[in-house]
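*Asks:* Before we start, here is the structure in question, set down as structure tokens.
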Amino acid sequence: MLLAIKNVLNENQLKVIRTLLKNAEFVDGKLSAGKEAKQVKNNQELAQQSPLHDQLNQMLMPALLNHPEYQAFAFPLKVATPFYARYTQGMTYGFHVDDPIMGPMNGRYRTDISTTVFLNDEYEGGELAIKTSYGVQRLSLNAGDAVVYPSTSLHQVDPISSGERLVAVIWAQSMIKDPQKRELLYELGQARNILIDERAQSDETAHVSNVYANLVRRWSEL
Ligand code: NI
């Protein structure tokens, strides 16, 4: 299952981020790719040593991490700092699976959840294609929106036919390792939210809340 979240970033935030990225130093994305991904990766990434990372992250990360939909779907435990990627005409990132373990030796984490935040929408092509059990789903969301999906999925970025595609990509280790359990909790959590809104004082709400809390307790690994 993948989740699209609307308006993670607002117009002002997008404007600032795009202005910062406009004159930033981008390098070949192959530099950060694993052995297999190198074969299919053709994009650019904000240089690791760029002084802009802090400013960009300060704007993006609270907006994503505090978003209730992100929390309900991802159960984030460890969240890595984002990569800022740029795709110009003809660039693409063929089907691949993200590295299972990332981070430096003293800060390793397992990638359970992948997130793409769309920073602009002035381009053609460049859809994010994700293989799911129901076939390939292709997404191109509005600037400011995000898509969140299990890192276990094969995915690609279709070639850009015109314009320039700017995204931020973020990985997280989830408290709930198993994607199917995460999905069950997300759905149960949605039902629980409706019950709390509509009949907070009822027995059934209390029971559903209790089951939800105890499943999170049973399944989470910290
Ligand atoms: Ni990827």
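*Asks:* Which one of these is at positive phi and either at pLDDT below 95 or within 14 Å of the ligand (Cβ to nearest atom) (or both): 144, 126?
*Replies:* Sole residue among the options that is at positive phi and either at pLDDT below 95 or within 14 Å of the ligand (Cβ to nearest atom) (or both): 126.
*Asks:* Being part of a loop (DSSP other than H, G, I, E, B) and among the polar types (S, T, N, Q) is the filter; apply it to region 96-151 and report the residue that is nearest to residue 20 (Cα to Cα).
*Replies:* 120
*Asks:* Another question about this same structure. It is to be established whether one or more residues within region 175-187 are part of a loop (DSSP other than H, G, I, E, B), more than 16 Å from the ligand (Cβ to nearest atom) and buried (at least 19 other Cβ atoms within 10 Å of the Cβ).
*Replies:* yes
*Asks:* If you don't mind, another one. If you check every pair at least six apart or on different chains, which have Cβ atoms under 7 Å apart with a residue in region 188-201 that is in contact (Cβ under 8 Å) with a residue 60 or more places away in the chain first and a residue that is hydrophobic (A, V, I, L, M, F, W, C) and surrounded by 11 or more Cβ atoms within 10 Å (Cβ to Cβ) second?
*Replies:* These pairs meet every condition: 189/72.
*Asks:* Restricting attention to region 73-82, report how many residues are at pLDDT 95 or above and surrounded by fewer than 18 Cβ atoms within 10 Å (Cβ to Cβ).
*Replies:* Count: 1.
*Asks:* Could you list all residues from region 151-183 that are among the hydrophobic types (A, V, I, L, M, F, W, C) and without any contact (Cβ under 8 Å) to a residue 60 or more places away in the chain?
*Replies:* If the condition is that a residue be among the hydrophobic types (A, V, I, L, M, F, W, C) and without any contact (Cβ under 8 Å) to a residue 60 or more places away in the chain, then 154 is the only one that fits.
*Asks:* Moving to a separate point now. Looking at region 89-104, which of its residues are surrounded by fewer than 17 Cβ atoms within 10 Å (Cβ to Cβ) and away from the ligand (no atom under 13 Å from the Cβ)?
*Replies:* 89, 90, 101, 103, 104
*Asks:* Identify, by number, the condition in (1) at negative phi; (2) touching a residue at least 40 places away in the same chain (Cβ under 8 Å) that residue 90 doesn't meet.
*Replies:* That leaves (1) as the condition not met.
*Asks:* With surrounded by fewer than 18 Cβ atoms within 10 Å (Cβ to Cβ) and either among the β-branched types (Val, Ile, Thr) or out of contact with any strand residue (DSSP E or B) (no Cβ under 7 Å at 6 or more places or on another chain) (or both) as the only criterion, which of 111, 152 stands out?
*Replies:* Going through 111, 152 in turn, just one is surrounded by fewer than 18 Cβ atoms within 10 Å (Cβ to Cβ) and either among the β-branched types (Val, Ile, Thr) or out of contact with any strand residue (DSSP E or B) (no Cβ under 7 Å at 6 or more places or on another chain) (or both): 152.
*Asks:* Go through (1) out of contact with any helix residue (DSSP H, G or I) (no Cβ under 9 Å at 6 or more places or on another chain); (2) modelled with pLDDT under 95 for residue 99 and report which single condition fails.
*Replies:* Checking residue 99 against (1) out of contact with any helix residue (DSSP H, G or I) (no Cβ under 9 Å at 6 or more places or on another chain); (2) modelled with pLDDT under 95, the one that fails is (1).
*Asks:* Read through the list (1) within 17 Å of the chain's Cα centre (by Cα); (2) on the phi > 0 side of the Ramachandran plot, then give the number of the only condition that residue 169 fails.
*Replies:* In the conditions (1) within 17 Å of the chain's Cα centre (by Cα); (2) on the phi > 0 side of the Ramachandran plot, residue 169 misses (2) alone.
*Asks:* Then there is this: Can you tell me how many residues within region 129-141 are among the β-branched types (Val, Ile, Thr) and within 14 Å of the ligand (Cβ to nearest atom)?
*Replies:* Adding up the residues that qualify gives 1.
*Asks:* If I filter region 64-85 for residues that are more than 18 Å from residue 148 (Cβ to Cβ), within 16 Å of the ligand (Cβ to nearest atom) and part of a strand (DSSP E or B), do I get at least one hit?
*Replies:* Among the residues of region 64-85, not one is more than 18 Å from residue 148 (Cβ to Cβ), within 16 Å of the ligand (Cβ to nearest atom) and part of a strand (DSSP E or B), which makes the answer no.
*Asks:* Return a yes/no flag: does region 81-95 have any residue that is closer than 27 Å to residue 190 by Cβ and in contact with a Phe, Trp or Tyr (Cβ under 7 Å, 6 or more places away or on another chain).
*Replies:* No, because not a single residue in region 81-95 is closer than 27 Å to residue 190 by Cβ and in contact with a Phe, Trp or Tyr (Cβ under 7 Å, 6 or more places away or on another chain).
*Asks:* Which one is nearest to residue 95 (Cα to Cα), of the residues in region 16-56 that are of a type in the set (Asp, Glu) and in contact with a strand residue (DSSP E or B) (Cβ under 8 Å, 6 or more places away or on another chain)?
*Replies:* Of everything passing the filter in region 16-56, 36 is nearest to residue 95 (Cα to Cα).
The values are calculated or read from the model by the stated rules, or taken from the named source; none is laboratory data. Just so you know, these numbers come straight off a predicted model, no measurement behind them. As a convention, Cβ positions derive from the backbone with ideal geometry for all residues, glycine included, and neighbour counts pool all protein chains shown.
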